[in-house]
Amino acid sequence: MSTLTIRIANDKHERLKNLAAARHISVNKLIDELATIALTEHDTHLRFLARAKHGSAEQGLMLLDKLNQVESLCNKD
């Protein structure tokens, strides 16, 4: 495990402490969770870009049309 030192504004630090307290976790755990979210988002974006290179725009649009049809059927109830 590594140690990370960051510099942030005092007011932001206070807000992070308050957020951590509201979640009943330490600031360290909060930062770890936020880092996990950021990395997951980045990995998802990279996977999307890789798949988009090999995908078909026409097929993608057809799937979106199907989803819209299903959504409109669900919203009728």
(message) Given the criteria among the charged types (D, E, K, R), without any contact (Cβ under 8 Å) to a residue 24 or more places away in the chain and open to solvent by less than 100 Å² (accessible area, probe 1.4 Å), does residue 11 qualify?
(response) no
(request) Starting from segment 28-46, keep only residues that are without any contact (Cβ under 8 Å) to a residue 12 or more places away in the chain and basic (Lys, Arg), then list their pairs with residues that are part of a helix (DSSP H, G or I) and open to solvent by less than 70 Å² (accessible area, probe 1.4 Å) whose Cβ atoms are within a distance under 9 Å, requiring at least 6 positions of separation or different chains. (result) 29/20
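Looking at segment 47-60 only, could you name the residues that are hydrophobic (A, V, I, L, M, F, W, C) and surrounded by 10 or more Cβ atoms within 10 Å (Cβ to Cβ)?
Going residue by residue through segment 47-60, those that are hydrophobic (A, V, I, L, M, F, W, C) are 48-50, 52, 57.
The answer is 48, 50, 52.
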(message) Among the numbered criteria (1) aliphatic (A, V, I, L, M); (2) open to solvent by 100 Å² or more (accessible area, probe 1.4 Å); (3) not in a helix (DSSP H, G or I), which one does residue 25 miss?
(response) (2)
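The values are calculated or read from the model by the stated rules, or taken from the named source; none is laboratory data. Because the structure is a prediction, the values reported are computed rather than measured. Note that each Cβ is placed from the backbone with ideal geometry, even for glycine, and that neighbours are counted across all protein chains shown. We work out accessible area using only protein heavy atoms, side chains counted, and drop any ligands, DNA or RNA first. Shrake-Rupley method; radii C 1.70, N 1.55, O 1.52, S 1.80 Å.
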